[in-house]
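Accompanying notes for the structure given below.
The values are calculated or read from the model by the stated rules, or taken from the named source; none is laboratory data. The model shown is predicted, which means the values in this text are computed figures rather than measured ones. Here Cβ is always computed from backbone atoms with ideal geometry, including for glycine, and neighbour counts include all displayed protein chains.
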Amino acid sequence: MPGHALPQEFREVSIVQITDPTAVSDSIEVLNQDVIHLDTAGFEVKRVTVPLAECCLIYQWTNAALRTQTRVHDDFDACTILGPQASGSIDGVELSPYGMIVARTGAQREIVVNSGYESVALLAPPKVLQEHLTLRRLKVDFELPENVEVWHADKDVARNLFELGTRIVETAEKTPGTFNENHWARYGAQVEYMDSLFTTIESCDLSETAESDKKGKSYSKIVRKCESYTLNLDGRRPYLSELCETANVSERTLQYAFHDMMGMSPLTYLHRLRLHRARDELRGATSDSTTVTDVAMNWGFWHLGEFSRAYRNCFDEVPSSTLRRNPG
């Protein structure tokens, strides 16, 4: 069945430690990730990418609560198995240990995870998964979703898949040359992982998957509408009443949605969102082209001292230090 070549940029093992939430997408092209750090503890993300024969594995771990809007590259479908401490939600649907997220090429989703989250994702060209589903006579029962779904597999079977994925990742970390230089090692790991993956898929209870979390999905839509509205205000801070109007809900429902999805009030979360956007602007600017004051005002922070304190609490440095890294 070989025949789908892995793109050149994914043909070497990559091990990345990230301590800046606004830099998460800088080190990988196959996933577009926009991250908001949701707590005040230190931020760390570890990502290991392992090339296989036609596919690649991506391991991710974080010590922080975070919200990420993630889009799968157009050339790949993705099957993600969650680790033993995973919790959070995807588009409002609850995530639990050893759950499986199945996403089609180009799918975009909003994921909220708590500290200790880890996962192993297989990214494969679209035809690869479909071919295997068809040959195993699984395609009728387990058609890949149009966008993103959470599937519930047998816990023991799913645990075996996750542990196999982490063993492959650990081998790649210790001896990258095993995968960088040896096609048959990549091929053998891919065959073993995909066989385990389809055994896991076959164990999934689709009747449980079909029972969607309506409240969670509704709350997730409310949050996304408010995020989009806030980012389109050209720096103006929104009134809470505007957010209620935008989401077409009462203030009580708005508060419930943000506390349930993000663990904080609407204004606290949107304040943090604007801080991250201010950091994005400072990271991309030079000291010749802008000032900290200009950036603060651009994102609705009228008190420069309060902006600097909040920025330092969130990113462990003052905004002027971020700007000075690009002198112009």
When region 174-208 is checked residue by residue, the ones that are among the charged types (D, E, K, R) and under 30 Å from residue 149 (Cα atoms) are 186, 192, 195, 202, 205, 208
From the option list 133, 123, 129, single residue qualifying as assigned by TED's automatic domain parsing to the domain that holds residue 15, over 30 Å from residue 263 (Cβ atoms) and surrounded by 20 or more Cβ atoms within 10 Å (Cβ to Cβ) is 129
Residue 310: within 22 Å of residue 18 (Cα to Cα), touching a helix residue (DSSP H, G or I) at 6+ places or on another chain (Cβ under 8 Å) and assigned to a helix (DSSP H, G or I), yes or no?
yes
By residue number, the members of region 51-82 that are within 13 Å of residue 162 (Cα to Cα) and of a type in the set (Val, Ile, Thr) are 58, 80, 81
Exercise. Quick check: is even one residue across region 239-257 within 21 Å of the chain's Cα centre (by Cα), modelled with pLDDT of 95 or more and not assigned by TED's automatic domain parsing to the domain that holds residue 34?
Worked result: yes
For region 8-30, the count of residues that are touching a Phe, Trp or Tyr at 6+ places or on another chain (Cβ under 9 Å) and modelled with pLDDT under 60 equals 2
Quiz item: Regarding residue 260, is this residue of a type in the set (D, E, K, R) and assigned to a helix (DSSP H, G or I)?
Solution: yes
Scanning region 173-196 for residues that are farther than 26 Å from residue 157 by Cβ and touching a residue at least 60 places away in the same chain (Cβ under 8 Å) gives 176, 180, 183
Kindly establish whether residue 247 is surrounded by 14 or more Cβ atoms within 10 Å (Cβ to Cβ), in contact with a Leu (Cβ under 7 Å, 6 or more places away or on another chain) and either closer than 18 Å to residue 110 by Cα or of a type in the set (Ser, Thr, Tyr) (or both). yes
Note to self: Looking for something under 23 Å from residue 101 (Cβ atoms), surrounded by 15 or more Cβ atoms within 10 Å (Cβ to Cβ), in the same structural domain as residue 257 (by TED's automatic domain parsing) and in contact with an Asp or Glu (Cβ under 8 Å, 6 or more places away or on another chain) - is there at least one such residue anywhere in region 184-195?
What the structure shows: no
Q. Are any of the residues in region 210-231 buried (at least 16 other Cβ atoms within 10 Å of the Cβ), more than 30 Å from residue 294 (Cβ to Cβ), hydroxyl-bearing (Ser, Thr, Tyr) and not assigned by TED's automatic domain parsing to the domain that holds residue 296?
A. no
When restricted to 103, 86, the only residue at negative phi and modelled with pLDDT of 90 or more is 86
Next on the checklist: Being within 30 Å of residue 259 (Cβ to Cβ), at pLDDT 90 or above, out of contact with any Pro (no Cβ under 7 Å at 6 or more places or on another chain) and surrounded by 21 or more Cβ atoms within 10 Å (Cβ to Cβ) is the requirement here; does residue 47 meet it?
Outcome noted: no
Apart from one, (1) over 25 Å from residue 159 (Cβ atoms); (2) surrounded by fewer than 23 Cβ atoms within 10 Å (Cβ to Cβ); (3) not aliphatic (A, V, I, L, M) all hold for residue 92; the odd one out is (2)
With the first residue restricted to region 1-25 and required to be among the aromatic types (Phe, Trp, Tyr), and the second required to be at pLDDT 85 or above, Cβ contacts under 7 Å at 6 or more apart or on different chains are 10/49; 10/51; 10/56
- Task: Please indicate, with yes or no, whether at least one residue in region 214-233 is assigned to a loop (DSSP other than H, G, I, E, B) and farther than 26 Å from residue 167 by Cβ.
- Result: yes
